[in-house]
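The values are calculated or read from the model by the stated rules, or taken from the named source; none is laboratory data. Only a predicted model underlies this, so the values are computations on that prediction, with no experimental measurement involved. FYI the Cβ positions are ideal-geometry reconstructions off the backbone, even for glycines, and counts take in every protein chain you see. Side chains are part of the model used for accessible areas, which takes the heavy atoms of the whole protein and leaves out ligands, DNA and RNA. Shrake-Rupley method; radii C 1.70, N 1.55, O 1.52, S 1.80 Å.
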Amino acid sequence: MVVIEALDKSYGSSDSALLALSDIDLTIEEGQFVSLLGPSGCGKSTLLKIIAGLIPASAGRITIDGKVVDGPGPERAVVFQDYALFPWMTVQDNVEFGLEARAVPAEERRAASAELLRVVGLSDFAQKFPHQLSGGMKQRVSIARALAVKPSLLLMDEPFGALDAQTRQGLQDELLRIWRVYKKTVVFVTHSIEEAIYLSDRIVVMTARPGRIKAVIDVDEERP
Ligand code: ADP
Ligand code: ADP
């Protein structure tokens, strides 16, 4: 469970500070698919990066399963809009990167990447390099890489924002399928209402200047 309490974030020095997030309180339950939805500049990415431990909050705190977040941690993986793959590494090495960093033995790494590449439908592309793949395929590699480290929390920052409508739809379905299989807690940033409704259990609607939570909507319709 993720608990966010009285969180503020300002950027810049105190006399010219921009209040990007103000008074954010939010609880995210285990296994939930939560979207952060709102217009550009409302602080969605900022909130995601603070949960990821990539930037500090200015006030308030976040706990994950009771542990205070004060930096990145092995139980959180982030997927970015621009894929952030390592261009000099093969698809397989990209997927295995986090495991190698954790000194997982080669045989185990290979088994894990083979399984994940199968899950995202890219078994035949293990030895390709990122520039040889389409955008949708690159994002599938990025999702496989995130899942490889078995995070309990998957943080996604407009992951399908750079993709055409058809690819986006395909990846939304794929993400839902993966989410059901792996039962991860997902926090998903989007500015698309349709995408948020399609994917989420819970939609956190944010407004800008300063970034605040305007409403929290539980989507209880049967999803595809
Ligand atoms: P969103 O993801 O909803 O578009 P962001 O979290 O990117 O919103 O940005 C929230 C506000 O904080 C915006 O006004 C943005 O310009 C500002 N901001 C974001 N990152 C920085 C930064 N590194 N330095 C200064 N201001 C920033
Ligand atoms: P998606 O990645 O969601 O399947 P894309 O539009 O990115 O959608 O690609 C559609 C399909 O075209 C891919 O699934 C793949 O089969 C094929 N494809 C795309 N790029 C390549 C490539 N560089 N080499 C071989 N096949 C490709």
Can you compute the modelled spin-label distance between residue 100 and residue 6, with each label point 7 Å from Cα toward Cβ, in nm? 4.5 nm
Kyte-Doolittle at least -1.0, axis length at least 18 Å by Cα - qualifying DSSP helices, the chain: 106-119, 135-148, 165-182
Using the heavy atoms of the protein chains and a 1.4 angstrom probe, tell me the accessible area per residue for the chain in square angstrom. 49 Å²
Which aspartates and glutamates have a Cα less than 17 Å from the Cα of residue 49, not counting those fewer than 8 places away in the same chain? 5, 8, 23, 25, 70, 75, 82, 157, 158
Rounded, prolate or oblate: which one fits the range 126-215, using the alpha carbon gyration tensor with axes a ≥ b ≥ c (rounded when a/c is under 1.5, else prolate when a/b beats b/c, else oblate)? prolate
For the range 1-97, what is one quarter of the convex hull surface built on the Cα atoms, given in nm²? 7.9 nm²
Cα gyration tensor shape of the range 163-207, rounded if a/c is under 1.5, else prolate or oblate by comparing a/b with b/c: oblate
With point charges of +1 on the Cβ of Lys and Arg and -1 on the Cβ of Asp and Glu, referenced to the Cα centre of the chain, which listed residue (197, 160, 211) lies farthest in the positive direction of the dipole? 160
Cross-link pairs 44/138; 9/150; 67/138; 150/214 - those with Cα-Cα distance over 27 Å: 9/150; 67/138; 150/214
Which order do you get for 45, 58 if you rank them by accessible area with a 1.4 Å probe, largest at the top? 58, 45
Apply the Kirkwood formula to the chain: the hydrodynamic radius equals the inverse of the mean of 1/r over all pairs of different alpha-carbon atoms; give it in Å with one decimal. 18.0 Å
Of the heavy-atom accessible surface of the range 1-157 (probe 1.4 angstrom), what whole percent is carbon and sulfur? 54 percent
From the Cα gyration tensor of the range 90-168, with a ≥ b ≥ c the square roots of its eigenvalues, which class applies: rounded if a/c is under 1.5, or else prolate if a/b is larger than b/c, or else oblate? oblate
